[in-house]
Structure formats: structure tokens, C-alpha cells
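First the structure, in the form of C-alpha cells, and then the observations on it.
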Amino acid sequence: LRGFESNGDFVWLSVQTLTTVGYGRLEPLSIYAQLVATIESFFGIMFLACCSGIIWFALSKPTTCILFSNICVIEPLSIFTEGASRLHFRALNVRRNLLYDVQAHVRILYREPDPVNGGIIYRRVMLKLEKEGYNPRIETGTSFFHCIDESSPLCRKDLSWMIKHEARIVAVMTCYDNAYKTTTAISKIYNWEDVQFHHLFLNLITKDEATGEEILDFQNFHKSVDVLTPLRNLFDKMDKNSDGEVSLDGIKAFLSQENCSDVLPLTFSVEQVLAHFSELDENRSGGLSWEEFKHGFCYLRLDVHDDIDVDDEISGS
């Protein structure tokens with residue numbers, strides 16, 4: 001090292017040591033250059049420390065990897081809601097780690113004209129979920145339902161209403177993540193084009209033809225099927241007299257066909273179906289109106305296609 005000529009040399013040597021610059025000698029020689037190098041060295045250290053902290057915070061932030069269904073469906077009728085329609089969407093735990101105290105909250109956001117000053121009012125209304133949207137434990141996935149009865153904000157609302165009022169359905173789910181040992185939250189927004197009216201989700205549970213074991217088929221996770229359109233076409237086809245009614249004999253003849261399973265699940269026997277429709281024929285006329293026909297078939301379809309908690313003791317695929 002060059003001989004020390006001033007106290008500034010001691011300070012500059014200390015700066016080199018503290019900032020680990022390590023020139024190996026006292027360079028630069030000018031006091032002004034040493035001052036600039038000192039400021040740059042400390043700012044460089046602080047910049048690196050800030051970047052490291054921000055990156056670590058972003059990477060270490062606990063997040064729960066929940067996959068919501070791309071769509072939510074409005075099921076036309078359900079035996080689980082005493083004949084009322086219901087809103088249905090799915091949630092899948094992608095990581096398969098344990099989630100506890102799962103709580104979901106759903107709101108519908110829409111706008112409507114202000115009758116007083118002619119402006120726009122933005123409203124946010126809570127949608128009450130079945131079981132209060134609570135699930136004590138999730139490992140694979142679950143479904144959430146909202147009964148659309150007379151007290152529901154969605155009662156007698158259709159797609160045209162959602163488009164007119166620019167309605168959106170917002171779902172927020174909180175849970176305790178066993179992997180991070182902390183509470184996390186995730187949200188999903190369903191715009192009006194994501195809401196499928198008179199649809200049912202396809203069943204996730206299928207049977208292995210080789211072993212007969214029940215498995216989960218997640219290819220159907222985002223898929224739904226229209227319910228009322230094929231039923232209406234079937235009703236019009238069976239209404240031979242165009243009097244707005246179909247006979248029980250006509251329904252029996254249809255059930256005897258091989259392709260009837262495309263509309264009705266084979267889980268029910270012909271006798272069970274006919275007994276069910278006979279109960280719907282309140283005036284004992286031997287025929288069913290469109291409302292009775294729709295009511296009966298939707299009941300039977302929903303009884304089979306209704307989602308169960310996929311955390312039940314079944315194999316995953």
C-alpha cells in the first residue's frame with residue numbers, strides 16, 4: 001500500500017473494507033473521487049438489499065393454488081332446493097395439500113339507473129350459499145351452491161338482465177393452508193358471458209370399465225351441458241296433437257327406446273320414472289304440460305348429476 005498521507009486515507013480504506021470493494025490499494029487518489037465512489041458503493045449495497053427483499057417477499061408470499069371453474073351454471077330445478085333453481089360453481093385444490101376452515105363469500109355486482117337524478121347506481125348484494133359456504137376440510141375440491149328462491153337477488157333474472165345491468169358474480173374464498181401454516185385468500189370474477197343458464201356441470205365421477213372402480217375425470221371440470229333445449233325439442237316431438245301436453249303412454253314409449261339414455265340417466269327404471277311423472281299429473285288427465293314435463297325430467301337428471309364433495313374416498317385420475 002501507498003503510505004498514508006491524511007486522515008482521509010484511513011476513511012477511504014475503511015470504506016473499501018466495509019463495502020468489500022477491495023481495490024488492493026488506495027485508489028482513486030482525489031478526495032472528490034473517493035467521495036463519489038463512497039456514495040456509489042453505499043447506494044449499490046442499498047439497491048441490492050432492496051431488490052433482494054422485494055424478490056424474497058414476492059416468492060415467499062403464501063398463495064393457495066385454487067382453480068375455479070371457468071363458468072358458473074344456473075341449474076333449472078333441483079330436488080335439493082325444493083324445486084328452485086340454483087347457482088353452481090366449482091373449486092379445485094391444484095396442489096392437493098390440506099386446506100382447513102374453507103369459507104366462501106359470493107356477491108353479485110350490477111348497476112342500475114338512479115330514479116332520482118338519472119345517474120347510475122352500483123349495487124353489491126351478497127348471495128347466500130348453502131351451508132353458509134363453509135367446508136371444514138378440502139384436499140381435492142368442492143362445489144358451492146346458491147339457492148335461487150324468492151329471497152335471492154337472482155330470482156326471475158335471466159341473461160338479458162345480466163347483460164343490461166353489466167352484472168358480475170364475484171367469489172372470494174379464504175382458507176387455512178396447512179403447507180404455509182397461515183390463512184390465504186383467492187377470488188374469481190364471473191362476467192355475464194361466463195354464466196350459463198339452464199345448464200348442468202358434467203359429472204366428474206366416472207367408472208373404470210376394466211375394474212369398475214370410481215375415478216375422478218377432471219377433463220369435465222369446466223364442461224356443462226344444456227338441459228332445457230333438448231328437453232323442449234323432445235316435448236314438442238312427443239306432443240302429437242300440439243295441445244301443449246304429452247301423454248304418459250308417450251313417455252313410456254320413449255323410455256322403451258335404446259337412445260333414451262341421452263336424455264334420462266339409466267340409473268332409474270321405467271317404472272320409477274312413470275311413477276314419478278304420475279305424481280306430477282295433479283289433475284289425473286293422463287298428460288303432462290311443459291312445466292310438469294320439465295319439472296320431472298330436471299328433478300331426475302339433477303338427482304344423478306348433482307356434484308358431491310370430491311374429497312370422498314374415491315381414487316383420483
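So here's what we get for this one:
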{"item": "³J(HN,Hα), Karplus 6.51/-1.76/1.60, whole Hz, each residue of the range 169-176, x for Gly, Pro", "result": "10, 10, 10, 10, 10, 10, 7, 9"}
{"item": "Label-point gap, in nm, between Arg123 and Thr182 - each point 7 angstrom along Cα→Cβ", "result": "3.8 nm"}
{"item": "Backbone HN-Hα couplings from phi across the range 54-61 [Karplus 6.51/-1.76/1.60, Hz, Gly and Pro as x]", "result": "5, 5, 5, 5, 5, 6, 8, 5"}
{"item": "Point-to-point label distance, Gln272-Leu248, nm (Cα→Cβ direction, 7 Å offset)", "result": "1.9 nm"}
{"item": "Solvent-accessible ranking of Cys72, Cys50, Cys147, largest area first, probe 1.4 Å", "result": "Cys50, Cys147, Cys72"}
{"item": "Carbon plus sulfur fraction of accessible area for the range 203-248, probe 1.4 Å, in percent", "result": "45 percent"}
{"item": "Stretch gain in nm, segment Ile39-Ser256, where the contour uses 0.36 nm per residue and the Cα spacing is subtracted", "result": "69.2 nm"}
{"item": "Sequence of Lys294, Lys223, Lys164, Lys181 when ordered by accessible area, the most exposed leading, probe 1.4 angstrom", "result": "Lys164, Lys181, Lys223, Lys294"}
{"item": "Solvent-accessible area of Glu292 with every protein chain in place, 1.4 Å probe, in Å² to the nearest 10", "result": "50 Å²"}
{"item": "Length gained when the stretch Asn233-Val170 is fully extended (0.36 nm per residue, less Cα-Cα span)", "result": "19.3 nm"}
{"item": "Length gained when the stretch Ala84-Ile163 is fully extended (0.36 nm per residue, less Cα-Cα span)", "result": "26.2 nm"}
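The values are calculated or read from the model by the stated rules, or taken from the named source; none is laboratory data. Keep in mind it's a predicted model, so treat the numbers as computed, not measured. When we count neighbours, we look across all protein chains shown, and the Cβ atoms used for this are built from the backbone with ideal geometry, even at glycine. Accessible surface areas use protein heavy atoms only, side chains included; no ligands, DNA or RNA. Shrake-Rupley method; radii C 1.70, N 1.55, O 1.52, S 1.80 Å.
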